1. How big is the antiparallel share of DSSP beta bridges in the chain, given as a percent to the nearest 5?
2. Just rank ILE265, ILE177, fewest to most, by other beta-carbon atoms within 10 angstrom.
3. Using the beta-carbon distance between GLU242 and GLU207 and R0 = 22 Å, what value does 1/(1 + (r/R0)^6) give for FRET efficiency, to the nearest 0.05?
4. Under 19 Å Cα-Cα from LYS39, which lysines qualify once same-chain neighbours fewer than 8 residues away are excluded?
5. Rule-of-thumb check for the range 141-192: C-alpha Rg over 2.2 N^0.38 Å?
6. Report the Cα centroid-to-centroid distance between the range 1-76 and the range 242-276 in angstrom, as an integer.
7. From the C-alpha coordinates alone, can you work out the Kirkwood hydrodynamic radius of the chain, in Å?
8. Under the definition of Cα pairs under 8 Å and six or more residues apart, what whole-number percent is the relative contact order of the range 5-63?
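Bear in mind that the values in this text are calculations on the coordinates, not laboratory data. Bear in mind the structure is a predicted one, so any value in this text is a computation, not a measurement. For neighbour counting, all protein chains shown are included, and Cβ atoms are generated from backbone atoms with ideal geometry for every residue, glycine included.
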Amino acid sequence: MKTKTSLAGRSSQELQELLAPLGFKAFQVKQLMTWIYQKNVSEFSAMTDLSQALRDKLDKEFSLHELSIARKVSSRDGTTKLLLQAGDGQQVESVVITAPGRLTACISSQAGCRLACAFCATGKMGLVRNLEASEIVDQLCLLQELSPEHRITNVVFMGMGEPMENYDQALKAARIINSHQGFNLGARHITISTSGLVPGILRLMEEPEQFKLAISLNAADDKVRSRLMPINKKYPLKSMLEAVKKYSNKKGKLVFFEYILLEGINDSLEDAENLSRLLKNIPGKVNLITYNPGGREETLQPSSVEARRAFYDKLCQLGVAVTFRASKGQDIKAACGQLKAASVS
Ligand code: SF4
């Protein structure tokens, strides 16, 4: 059976091309985009400023969403995670995280990932396939439908996959999210997170948009980082941070460094000192994260509360801009890839 082509997650140009044969005029495509991206309706019948005839045609020829919800779990702390299924049966995860004044959507760019980071559940699966831009944006549409009262304020490409391994589709998705006719979210509220792929960082630097860049750093020396993140062997700290510095200088923006604290691996005061030295002269901010166990390397454990506090205090003392982020949704396996891993284990 032929599955219907879906419309949510597509650019203005794609929608014009898909809908022109049905007699849609440009202004009607614009109306449809408002329903999809601004009003987040879940069915064509709710698009009441389109004629009944057009809505009937849409219903007959197209589906609204590309992805369907296979599972939804909500945490006590307000985090909700979706396990979403694509037309070919592949599953990806997306999370919406509530915080005072913010609603952050964390979306996936690949089904699985080939980079095999030791602390990551997705890394255990290997790469299944890249997601299309429409599948990336549709995650956001479905997450927004969960929160009709509150608009999503931030989007982070920190779910399953390495966005820079799927650069063209991830960038296209970020542009649809950013565009006036799309989700209309400012580029400064869209964060592309990478494990440090130098060519991708340099390419993003040349794009006109001011997307935020986050680096999954997790270690201040090559030996530890290569153990935790094998991609470090290809792009060691020195070359990766040179690219980051160029990005920051060209864009005039802070770069965010994610650092998961792991007991006995990267959480000593000496590690904090090394980190401070490493990031000297790079305008950035360090985000310390509590480890949510379930990664590829089973022996990894979160640092103790005392070690986390001491690490944070040391960085503050050394003048490093640092925040501490508690890992959200621990009771629902909210870390990247954990729900999918649980569904296949
Ligand atoms: S942390 Fe990111 S880059 Fe590393 S394996 Fe997981 S999904 Fe891939």
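1. Antiparallel bridges: around 45 percent, rounded to the nearest 5.
2. ILE265, ILE177
3. Calculated transfer efficiency: 0.70.
4. Correct list for LYS39: LYS30.
5. Ratio of Rg to 2.2 N^0.38 Å for the range 141-192: 1.15.
6. Computed from Cα coordinates, the inter-centre distance equals 42 Å.
7. Computed over the chain, the radius equals 20.9 Å.
8. It rounds to 41 percent for the range 5-63.
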